[in-house]
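Chemist: Sharing a structure below in structure tokens format, with a few things to ask.
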């Protein structure tokens, strides 16, 4: 396998994930890219775990045609029930995502969801 080719041939979902991570980093949020595979991984955990201004966030990244599994949706509901912000994000949601992060950074509150920030 040509390693260089595999690194430079990034798909649209990965490019979108990188855009999200860059926005988080540029705005002083801590984040971790979670890999569920392997012996110690846990299935259903969202792709990005973040903390912005003390607010716990879990972000499941999907491409335009991606669909979360039932386990991913269950985990998102459990995180929300525990007081965190958790959601599935598609490329069309990026403006709302930026608004949510700005709100969290300005207020330190987790009383909104991604859906509250659609323009």
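The values are calculated or read from the model by the stated rules, or taken from the named source; none is laboratory data. A quick note: this is a predicted structure, and the numbers were derived from the prediction, not measured. Ideal geometry is used to build each Cβ from the backbone, glycine not excepted, and the neighbour counts take in all protein chains shown.
Chemist: Counting only residues that are more than 12 Å from the chain's Cα centre (by Cα) and over 16 Å from residue 66 (Cα atoms), how many does region 13-28 have?
Modeler: Residues that pass the stated criteria total 4.
Chemist: For the subset of region 91-119 comprising residues that are over 17 Å from residue 50 (Cα atoms) and free of Cβ contacts under 8 Å to residues at least 40 places away in the same chain, which member is nearest to the chain's Cα centre (by Cα)?
Modeler: So the first thing to find is which residues in region 91-119 are over 17 Å from residue 50 (Cα atoms), and the list is 91-93, 95, 115-119.
Those still in the list that are free of Cβ contacts under 8 Å to residues at least 40 places away in the same chain too: 92-93, 95, 115-119.
Numbers: 92: 14, 93: 11, 95: 14, 115: 14, 116: 16, 117: 15, 118: 16, 119: 19 Å.
That would be 93.
Chemist: Please tell me if residue 38 is at positive phi, free of Cβ contacts under 8 Å to residues at least 40 places away in the same chain and surrounded by 12 or more Cβ atoms within 10 Å (Cβ to Cβ).
Modeler: Details: at positive phi: yes; free of Cβ contacts under 8 Å to residues at least 40 places away in the same chain: yes; surrounded by 12 or more Cβ atoms within 10 Å (Cβ to Cβ): no.
Here the answer is no, as residue 38 does not meet what is asked.
Chemist: Criterion first (crowded, with 17+ Cβ neighbours inside 10 Å, closer than 18 Å to residue 115 by Cβ and in contact with a strand residue (DSSP E or B) (Cβ under 9 Å, 6 or more places away or on another chain)) does residue 49 satisfy it?
Modeler: When the stated conditions are applied, residue 49 does not pass them.
Chemist: Follow-up question, since we're still on this one. Residue 108: at pLDDT below 95, on the phi > 0 side of the Ramachandran plot and exposed (fewer than 14 other Cβ atoms within 10 Å of the Cβ), yes or no? Before you say what the answer is, go through the steps one by one.
Modeler: On the way: at pLDDT below 95: yes; on the phi > 0 side of the Ramachandran plot: yes; exposed (fewer than 14 other Cβ atoms within 10 Å of the Cβ): yes.
Yes.
Chemist: I need the full set of residues from region 29-52 which are assigned to a loop (DSSP other than H, G, I, E, B) and either at pLDDT 95 or above or within 20 Å of residue 77 (Cα to Cα) (or both), in order please. Explain how you work it out, then say what you get.
Modeler: To start, the set of residues in region 29-52 that are assigned to a loop (DSSP other than H, G, I, E, B) comprises 29, 34-47.
The answer is 29, 34, 35, 36, 41, 42, 43, 44, 45, 46, 47.
Chemist: Being buried (at least 17 other Cβ atoms within 10 Å of the Cβ) and either assigned to a loop (DSSP other than H, G, I, E, B) or within 12 Å of the chain's Cα centre (by Cα) (or both) is the filter here, so list the residues in region 53-67 that pass it. Steps first, answer last, please.
Modeler: Filtering region 53-67 for residues buried (at least 17 other Cβ atoms within 10 Å of the Cβ) gives 55, 57-62.
Of everything in region 53-67, those that are buried (at least 17 other Cβ atoms within 10 Å of the Cβ) and either assigned to a loop (DSSP other than H, G, I, E, B) or within 12 Å of the chain's Cα centre (by Cα) (or both) turn out to be 57, 58, 59, 60, 61, 62.
Chemist: I'd like to verify a number: residues in region 68-100 that are under 15 Å from residue 16 (Cβ atoms) and in a helix (DSSP H, G or I), how many? Break it down into steps so the answer makes sense when it comes.
Modeler: Restricting attention to region 68-100, the residues satisfying the condition of being under 15 Å from residue 16 (Cβ atoms) are 68, 87-98.
With in a helix (DSSP H, G or I) added as a condition, the list becomes 91-98.
Residues that pass the stated criteria total 8.
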